[in-house]
Amino acid sequence: MEKLIEILEELNPDVDYENCENLVDGRYLDSLTILSLISEIEDNFGVVIPTVEIIPDNFNSAKKIWALITKLEEE
Amino acid sequence: MSYFDVIYFLAFLPGLIIIYNLLPKKIKPFILLLASFAFFFTYSKWLIIFILLSSLSIYLAGLTMQKIDKEKKDAIKDLEIEEKKIIKAKYLNKKKIVLIITALFNIAFLFYFKYLGFFKGIINSLLKIFNINGNLKIIHHLAPIGISFYTLSAISYLIDVYHEKYECENNYFKILLYLIFFPTLVEGPITRYNEVRDTLFTGNKTTYKSFCFGYQRILYGLFKKIVIADRLNIFVKIIFTDYMHFSGPIIFLGAIFYTILLYMEFSGTMDIVIGSAEIFGIIIPENFKQPFFSKNISEFWSRWHITLGLWFKDYIFYPVSLSKGVKKITSKIKELFGPRTSSLFMGAIALFAVWSLNGLWHGAGYQFLFFGYYHFILILLGNIFEPLIVKICHKLKINRENFLYKLIRIIKTCLLIFIGELFFRANSLTSGIEMMKRIITNFTFKGFNHAVLTLGLDIKDYIIITLSLIFILVISILKEKNIEVRESLSKKHIVIRWACYYALILSIIVFGAYGEGYVPVEPIYADF
């Protein structure tokens, strides 16, 4: 989780990732930032994020992104 | 039968509401299906065969993919991880073949009806350039109504089932109703199966609230179309046909009026569509979210024709940008320039694909392709310069949340949108370029006042348009502030409530632009 927060802060440092629950809906993460984020996650966690998982609900908070990574690691 | 015909909202819809509510819950969706058949038939008669074929193809493909998934699950039981991966890949390939064949089958119909003539024209031009004898005959076919919309819905179902986003549907009639449902048939929104299935097939009763809310929404849509869009139509028609006789400011005013007309016609239709479905307890996704409050082009497209934008985002943008080929190209850029530049490059390739298809989806013509690439360039420039602008604002201590700063950004976005819509409405790409040229080279206000008052609109019309736009603006501001206008109104005293309904009905009857001197706007998006 710490590594994920680190990646997110590198992409957009002006967000409180511990508490923010609307990263996509609040436009803190735009399409391009999501692309960077996916690329970083895939490199750092060794998972492949299928396009079908790229929905606002999976990216709206750091906790949800972490849950997605955990789910993909288990598959 | 159009959504704006009196026969639709005073005969077809009330008749259907009565029959629908008299019948048992289980039969209700079938009545909607029959009504949708009748609705389709009024537009496209026997071309209904094509929507039957599309729905049947995705229904069978869904079942086949589900069968493959079941076989896969049985085959990988008790296997080691590595073996599982190999078997999974084998079954995935099988599913991919089903997906590709069915998608191509559906796209082939769309191509035949919409694009064959355009591409034959391109081939003929190439033959001419290279002095080769021969000319392909161009025949314009009458397309089944809503083919551009229901084909995208069909493809979304296929891809979602392929990705196991939800289980496939085992009842063919449900798939058919999903594609042919009369409110969404002609101009969308492009719905997703999992979004509408919960309310579309349950046979919900019409309640007093759903009836009132539905008809309120329909009235609001009628107001936008009949009072504003139809009133602006003559002015817009004259400007776009005889632009060579007008000076720059008048042509630009024509582009502004066309943008307003397009919004009022399309969003007004969506109000009728969503309101009609609401009467039957069916929830349809919104297609507009106050687009003219957007601060940049990218945001505009997330507020305008939302379901089309989301379709392109989910099924073109992400799959292209995260495809193996694009990832391979951008991995080197990432090493050299960092993740932001590589994702910018990834995004640019995907955006190019999205806007090429978006332009073509709107129509088979060079002006539509130009319209697509115009927005591609604007969004790309926005992406490139956004970090720089943020830095400059930070240095100059400009608060980006400041009202004035936001207002300037909104005005800038609107101006760019007006230019885009000018090309979109122009009779051809050449006409669009000529109109832009005149705006720049012939920018004189000489004769402006005379032209404004003699092109089908008089002082009375301008007063009605201004007051109507203020009314729409107030509603939009309330919506932007998350105030649900209909909910608030429903809590008011019955006298106030009915006074509002009557005021809206009377304003449509009294101020509606119909009869002599007016030409109603044809359903613009129905042609796409």
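What trypsin sites (Lys or Arg not before Pro) does the stretch B:466-495 have in DSSP loop regions with at most 10 other beta carbons within 10 Å?
Answer by residue number: B:K481, B:K491.
Please give the average number of partner chain Cβ atoms lying within 10 Å of the Cβ of each residue in B:332-342, rounded to a whole number.
2
Other chains near B:307-318: what is the mean number of their Cβ atoms within 10 Å of each residue's Cβ?
2
Rounded to the nearest 100 Å², what is the buried accessible area between B and A, both sides summed, probe 1.4 Å?
So the buried area, both faces added, is about 1700 Å².
So if the hydrodynamic radius of the stretch B:195-290 is defined as the Kirkwood radius over C-alpha pairs, what does Stokes-Einstein give as its diffusion coefficient at 10 °C and 1.306 mPa s, in µm² per second?
Stokes-Einstein gives a translational diffusion coefficient of 105 µm²/s.
Stick to the Cα atoms of the protein assembly as shown, pair each with every other, and give me the Kirkwood hydrodynamic radius in Å at one decimal.
26.7 Å
So what's the Cα pair-distance distribution over chain B, bin width 20 Å, in %?
Calculated over all Cα pairs of chain B, the distribution is 18, 51, 28, 3, 0 percent.
Stretch B:A503-B:E516 to full length: gain in nm at 0.36 nm per residue minus the Cα-Cα span?
Result: 2.3 nm gained on full extension.
Hey, what's the Kirkwood Rh for the stretch B:105-248 if you take every pair of different alpha carbons, in angstrom?
19.8 Å
Could you tell me what fraction of 2.2 N^0.38 Å the Cα radius of gyration of the stretch A:2-74 comes to, as a two-decimal ratio?
Dividing the Cα Rg of the stretch A:2-74 by 2.2 N^0.38 Å gives 0.98.
Give the accessible surface of the stretch B:26-202 per residue, rounded to a whole number of Å², with probe radius 1.4 Å and ligands, DNA and RNA excluded.
It amounts to 52 Å² per residue over the stretch B:26-202.
Loop only per DSSP, at most 11 neighbouring Cβ atoms within 10 Å: give me the trypsin sites (Lys or Arg not before Pro) in the stretch B:76-128, ordered by residue number.
Answer by residue number: B:K77.
Run the Debye formula on the Cα coordinates of the stretch B:292-425, all scatterers equal and no solvent, and tell me log10 I(q)/I(0) at q = 0.15 1/Å.
-0.83
Which angle from 0 to 90°, rounded to the nearest 10, does the C-alpha axis of helix A:31-45 make with the longest principal axis of chain A?
50 degrees
Per DSSP helix of 4 or more residues, -39500 (n - 2.57); summed, then divided by the residues of the protein assembly as shown. What does that give at 222 nm, rounded to the nearest 500?
Roughly -22500 deg cm²/dmol at 222 nm, from the helical runs in the protein assembly as shown.
Using only Cα atoms and rounding to the nearest 10 degrees, what angle (0 to 90) does helix A:62-74 make with the longest principal axis of chain A?
With rounding to tens, the tilt is 0 degrees.
Quick check: Cα centre of the stretch B:240-268 to Cα centre of the stretch B:103-162, how many Å?
Comparing the Cα centres of the stretch B:240-268 and the stretch B:103-162, I get a distance of 29 Å.
I need the Kirkwood Rh of the stretch B:26-202: take the reciprocal of the average 1/r across all distinct C-alpha pairs and report it in angstrom.
For the stretch B:26-202, the Kirkwood estimate is 18.4 Å.
Using DSSP to define loop residues, name the GluC sites (Glu not before Pro) in the stretch B:163-229 whose beta-carbon has at most 16 other beta-carbon atoms within 10 Å.
B:E164, B:E167
Which of the helices in chain B, when you take each full DSSP H run, stretch at least 30 Å along the axis at their Cα atoms and have an average Kyte-Doolittle score of 1.6 or higher?
Both cut-offs are met by B:459-480.
In peptide B:496-505, how many Cβ atoms from other protein chains are near each Cβ within 10 Å, on average?
Mean partner-chain Cβ count within 10 Å for B:496-505: 0.
Can you give me the angle between helix A:2-11 and the longest principal axis of chain A, using Cα atoms only, in degrees from 0 to 90, rounded to the nearest 10?
60 degrees
How large is the Rg to Rh ratio of the stretch B:408-528 when both quantities use alpha carbon positions and Rh follows Kirkwood?
Ratio of gyration radius to Kirkwood radius: 1.04.
The values are calculated or read from the model by the stated rules, or taken from the named source; none is laboratory data. All of these numbers come straight from a predicted model, not from anything done at the bench. Glycine gets a Cβ as well: all are built from the backbone with ideal geometry, and neighbour counts include every protein chain shown. When the accessible area is computed, the model is the full protein with side chains, heavy atoms only, and any ligands, DNA or RNA have been set aside. Shrake-Rupley method; radii C 1.70, N 1.55, O 1.52, S 1.80 Å.
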